[in-house]
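Heads up, the thing below is written out as structure tokens.
The values are calculated or read from the model by the stated rules, or taken from the named source; none is laboratory data. Note that the coordinates shown come from a computational prediction; the quantities given were computed from them, not determined experimentally. Every residue, glycine as well, gets a Cβ built from its backbone with ideal geometry; the counts of neighbours run over all protein chains shown. Each accessible area value is taken on the protein alone, full model and side chains, heavy atoms only, with ligands, DNA and RNA left out. Shrake-Rupley method; radii C 1.70, N 1.55, O 1.52, S 1.80 Å.
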Amino acid sequence: MKTRVSQAGNARQRMILAAQDLFHRQGIHATSVDQILKSSGTGKSQFAHYFKNKDGLVHDVLQNLHLWLRGPEAPVNYHIKTWDDLESWLRFFVKAQDYYGCDRACPVSTIGNDLTEEQVLLRQDVRIIFEWVRAQLTRFFAERKALGELKDSVDPEALADFCIVTVQGGLLLGKITRNSTNFENAVTHALAYLEQLRKAAR
């Protein structure tokens, strides 16, 4: 789960991976370009060549995160097809937070929280990622509803929002308290609620 910055590979990718890890751990504002260069074993001229400025690097980090989440190397499956897939997706984030010692929340939301109103394009990058995640969950719930596995009154988009907010809120609270118990409890109750919606449709 942790990002390891290898000295192999091109300088651009090393800087992106180093920044991704540092932004996830301490946010954008607390991460200096010098820290990124030190972690990636690169220089200021390379940084200027590939990214021009810090916003350019943040954009590429978000692009890299989005591609990573969509691809086969993502640590959790976002292409949810079964109820077991959904449970694994929800429980993954509790395990991930425990893995990090509860000192990190979601990398995308951590970056998004540091952005200003003026950073319109970067805010758009964040929004696109969350819209994609929402679309995966919405599709799954719509498919289950069409198969008669959910109540007719269920709104797939609203249920997707419920799952995303459960995860995002749990990650944030876990980071604040340095304890994942509340998060785990929330996921357990979310799964119980989803099971009730399934039973009501049977």
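Heavy atoms only, probe 1.4 Å: what % of the accessible area of the chain goes to carbon and sulfur, would you let me know? Don't skip to the end; give the middle numbers.
On the way: 5550 of 10730 Å².
Answer for the chain is 52 percent, counting heavy atoms of protein chains only.
Compare the Cα positions of Gln136, Gln97, Pro107 along the charge dipole of the range 84-142 (+1 at Cβ of Lys, Arg; -1 at Cβ of Asp, Glu; about the Cα centre) and return the one farthest towards the positive end.
My answer, from the dipole projection, is Gln136.
Under DSSP H, which helices of the chain have Cα atoms covering 18 Å or more of the helix axis and a Kyte-Doolittle average no less than -1.0? Intermediate results must be reported in sequence, preceding the final value.
Working: long enough: 11-26 (22 Å, -0.53); 54-70 (24 Å, -0.16); 83-99 (24 Å, -0.62); 120-146 (37 Å, 0.05); 156-177 (31 Å, 1.04); 181-201 (31 Å, -0.21).
Those that pass (Cα extent of 18 Å or more, hydropathy at least -1.0) are 11-26, 54-70, 83-99, 120-146, 156-177, 181-201.
Run the reach check for Lys81 against lysines, Cα to Cα strictly under 25 Å, same-chain hits fewer than 8 apart removed. What comes back?
The reachable lysines, counting only those whose Cα sits under 25 Å from Lys81, are Lys95, Lys145, Lys151, Lys199.
Of the labelled options (1) 24, 22, 16; (2) 35, 17, 15; (3) 36, 18, 11, which one gives semi-axes √(5λ) of the Cα gyration tensor in Å as computed for this structure?
(2)
Could you report the chain's accessible area per residue, 1.4 Å probe, as an integer in Å²?
Details: 10730 Å² over 202 residues.
The answer is 53 Å² per residue.
Hey, got the dipole for the range 94-148? About the Cα centre, +1 on K and R Cβ, -1 on D and E Cβ, debye to the nearest 20?
Numbers: 8 positive and 8 negative charges, 90 e Å.
Computed charge dipole of the range 94-148: roughly 440 debye.
Let me spell out the model: positive unit charges on the Cβ of Lys and Arg, negative unit charges on the Cβ of Asp and Glu, origin at the Cα centre of the range 64-165. What dipole size does that give, in debye rounded to 20?
200
With charges only on Cβ, +1 for K and R and -1 for D and E, what is the dipole size of the range 1-98 about its Cα centre, in debye, rounded to 20? List each step's numbers first, then the result.
Working: 13 positive and 9 negative charges, 74 e Å.
Charge dipole, the range 1-98, about its Cα centre: 360 debye, nearest 20.
What relative contact order, as a whole-number percentage, does the chain give when Cα pairs under 8 Å and 6 or more residues apart are counted?
Values: 216 pairs, mean separation 41.0, N = 202.
RCO, the chain: 20 percent.
Separation of the range 56-102 and the range 11-33 by C-alpha centroid, Å?
After rounding, the separation between the Cα centres reads 18 Å.
Ranked highest first by the average count of other Cβ atoms within 10 Å around their residues, in what order do 116-122, 14-20, 43-49 fall? Let's see the in-between values first.
Numbers: 116-122: 11.6, 14-20: 23.7, 43-49: 13.4.
Ranking, from highest mean packing down: 14-20, 43-49, 116-122.
Using only DSSP helix segments of four residues or longer, with each worth -39500 (n - 2.57), what per-residue ellipticity at 222 nm results for the chain after dividing by its residue count and rounding to 500? Mind dumping the intermediate values first?
Details: 9 runs with 144 residues, N = 202.
So the helix-based figure for the chain works out to -23500 deg cm²/dmol.
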